[in-house]
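Novice: I have a structure here, written as structure tokens, and I will follow up with some questions on it.
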Amino acid sequence: MCDYSLHNVKTRPAKVGDKLTTRFFQSGTRGFCAPEDASVAVCVLPGTELSFAEDVRRDRLWPWSKGAIKHRTAIFRQINKEVPSTHHDALEFPDGKIVLLTFLEGQRATVLQLPVTKEGARVSEPDKAKA
């Protein structure tokens, strides 16, 4: 998913192994992009597992959110979905802390695993022994 303020930006879905960077887009929010094209937002599904190159740090421009988070893995989440005009893209860290993606600048991450979706779920076959 891409945050509401990235709907007017060219996007593509995330893939396993993607190397991503958080960046500020002209739409007024931060999101993920791939190094080969920083103008394209890479949309990440909720439940996607990410690994960061360094301890995650919040942007120094947001005074209430400064400092290192001291984790290098996170799961992508969407929060406050009932509020249409606010940021939804967030990261949940192993200690349970959730930080909006828009508070992170210049963080480098790799997509480790995508979530299982209904389309990707395996359907069990009927038990042929009982037929």
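Novice: Output yes when any residue across segment 76-88 is touching a helix residue (DSSP H, G or I) at 6+ places or on another chain (Cβ under 9 Å) and modelled with pLDDT of 90 or more, and no when none is.
Specialist: Initially, segment 76-88 is screened for residues touching a helix residue (DSSP H, G or I) at 6+ places or on another chain (Cβ under 9 Å), giving 76, 84-88.
Then drop every residue that is not modelled with pLDDT of 90 or more, which leaves 76.
Yes: one or more hits.
Novice: Please go through segment 56-70 and pick out each residue that is within 23 Å of C2 (Cα to Cα) and at pLDDT 80 or above.
Specialist: V56, R57, I69
Novice: With respect to E49, determine if the residue is over 14 Å from C2 (Cβ atoms) and at pLDDT below 85. Quick ask: steps written out before the conclusion?
Specialist: On the way: over 14 Å from C2 (Cβ atoms): yes; at pLDDT below 85: no.
No, not satisfied.
Novice: What pairs come out if I take residues in segment 14-37 that are within 14 Å of C2 (Cβ to Cβ) and in contact (Cβ under 8 Å) with a residue 40 or more places away in the chain and pair them with residues that are aromatic (F, W, Y) and surrounded by 13 or more Cβ atoms within 10 Å (Cβ to Cβ) whose C-beta lies under 8 Å away, six or more apart or interchain?
Specialist: A14/F32; L20/F32; T22/F32; R23/F32; R30/F24; R30/F103; G31/F25
Novice: In this structure, is V42 under 12 Å from the mean Cα position of the chain (by Cα) and among the aliphatic types (A, V, I, L, M)? It would help to see each step written out before you state the result.
Specialist: Values: under 12 Å from the mean Cα position of the chain (by Cα): yes; among the aliphatic types (A, V, I, L, M): yes.
Criteria met by V42.
The values are calculated or read from the model by the stated rules, or taken from the named source; none is laboratory data. None of these values were measured; they are calculated from a predicted model. Here Cβ is always computed from backbone atoms with ideal geometry, including for glycine, and neighbour counts include all displayed protein chains.
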